[in-house]
Amino acid sequence: MSVAVISLGAEVDDIWVLEVLGRVSGRLRQSPVKLLDVDGQQYVVALDPQAQWARNLRAAPAGAALRRRGRRRPVVAEEVACAQRARC
């Protein structure tokens, strides 16, 4: 499923479009991500910690947003410390 289809509101369980500025280009980048809710906190998980979207998010944690069903929600990302992860 494409980023455009998801951002328009296609029904996909807990899939959002992450918008973040590219750390090198400065251009807006969009990536589909799964949003997880754990004990009232929301998380996105990078299966590959070196994925470009994860690297961009680390570089600009306050400049990100999540988009779904035509709504855009600004977010501030905070990386979970290695000691607090299920595996690291």
(message) Cβ contacts < 8 Å: first residue in contact (Cβ under 8 Å) with a residue 24 or more places away in the chain and more than 15 Å from residue 19 (Cα to Cα), restricted to segment 70-87; second residue aromatic (Phe, Trp, Tyr) and not in a helix (DSSP H, G or I), any location; separation 6+ or different chain. Result?
(response) 80/43
(request) Just one of (1) hydrophobic (A, V, I, L, M, F, W, C); (2) at pLDDT below 90; (3) surrounded by 16 or more Cβ atoms within 10 Å (Cβ to Cβ) trips up residue 88, so point out which. (result) (3)
(request) Sort out which residues of segment 46-68 are assigned to a loop (DSSP other than H, G, I, E, B), out of contact with any Leu (no Cβ under 7 Å at 6 or more places or on another chain) and over 17 Å from residue 36 (Cα atoms), and write them in order of number. (result) 50, 51, 61, 62
(request) For segment 39-58, enumerate the residues that are surrounded by 14 or more Cβ atoms within 10 Å (Cβ to Cβ), more than 15 Å from residue 75 (Cα to Cα) and small (Gly, Ala, Ser). (result) 46
(request) Being surrounded by fewer than 13 Cβ atoms within 10 Å (Cβ to Cβ), modelled with pLDDT of 90 or more and not hydrophobic (A, V, I, L, M, F, W, C) is the filter here, so list the residues in segment 24-38 that pass it. (result) 25, 26, 27
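The values are calculated or read from the model by the stated rules, or taken from the named source; none is laboratory data. These numbers come from a predicted model, not from an experiment. Please note: Cβ atoms are built from the backbone with ideal geometry, for glycine as well, and neighbour counts cover all protein chains shown.
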